[in-house]
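Trainee: Sharing a structure here in structure tokens format.
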Amino acid sequence: MTGRRDDEVTGLALYDRTAEDAAAAVIAAYSTSFGLASRMLGPRVRSHVRNIYALVRVADEIVDGPARSAGLDAETERRVLDDLETETLDAIDRGFSANLVVHAFARTARECGIGGDLVRPFFTSMRTDLTTAQHDGASHDAYVYGSAEVVGLMCLQAFVNAGEGAPRQPEPRLVDGARRLGAAFQDVNFLRDADHDAGALGRDYLGASTREEVLARIDADLDAAAEVIPLLPADCRRAVTAAHDLFAALAVRLHGEPEPEARVRVPNPVKALVAARAWLGFSPRSARA
């Protein structure tokens, strides 16, 4: 038994709030750019998007180094990842998990209509990182769908359904835009991290695709996504515009530095300008502007 004041939040409400605080802490520790964009989300959706990305981050860490640094071999990493997937799907069904990040995600999934059709492809791509070092065009596309496009679709479910009662399916134009924005984000990161992925992780996600081909795909995906961002609910548009424009700025720098000597970044003053433009309601920028 634990003592409490009568005016304190207790029981499931306290557990829910603690789970969401844990998810927010994960995001704050791992991504400053995401934190910048997420602060522009309206309160209706902000915690849901943090909950989604916190689970994604934990799964990434299982396959991208920390688990191996802790002494896990590939078979054990696979088992830990499988357990996380099972726990996530079970938590969505039952509404509770002893894992705070999973609990936060499950709350979002139940409210916003995120089901196994999106969760399973994500974990499938995460498992690919344990088994596939060299990708071709087909395996790249499958990996990007599970690792990035479905994350965009999860966020779209939150944008459309948070606080709205029974979840509904977003319209096809929004679905296509969410997928293409997620794909662009992932391909930008593949180019930025190519040296690290090859040297530290032994992975080549882009295969035979040339740098020019990847950049052309990124530009097309960013421009397609920009066309549908104005169709999003008003309390989501600024944040998605900011995220889009941050990656458009990265793409411009990748175009300008064919063989960068260091990981391409957006300088803080440019980030501030991107945030200001988005906050003031400017339309998403062209990928080549």
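Trainee: Going 7 Å from the Cα of GLU213 in the Cα-to-Cβ direction, what parts of the range 167-195 have a backbone nitrogen less than 19 Å from that spot?
Mentor: 183-195
Trainee: Modelling each spin label as a point 7 Å along the Cα-to-Cβ direction, I'd like the ASP176/GLU75 distance in nm, to one decimal.
Mentor: 4.7
Trainee: So who's got an amide H within less than 5 Å of the one on ASP204, skipping anything under 5 residues away but keeping other chains? H placed 1.01 Å off N, in plane.
Mentor: GLN134, HIS135
Trainee: What is the packing order of peptides 207-213, 24-30, 217-223, taking the mean over residues of other C-beta atoms within 10 Å and listing the highest first?
Mentor: 217-223, 24-30, 207-213
Trainee: Using a Förster distance of 30 angstrom, determine the FRET efficiency expected from the C-beta separation of THR124 and ALA276, and round it to 0.05.
Mentor: Using R0 = 30 Å, I get an efficiency of 0.15.
Trainee: In percent, how large is the relative contact order of the chain, given Cα pairs closer than 8 Å and 6 or more residues apart?
Mentor: 18
Trainee: Considering just Cα atoms, how many Å³ per residue does the convex hull of the chain enclose?
Mentor: 150
Bear in mind these aren't lab numbers, they're just calculated from the coordinates by the rules spelled out. Predicted, not measured: the structure shown is a model, and the values here were computed from it. When we count neighbours, we look across all protein chains shown, and the Cβ atoms used for this are built from the backbone with ideal geometry, even at glycine.
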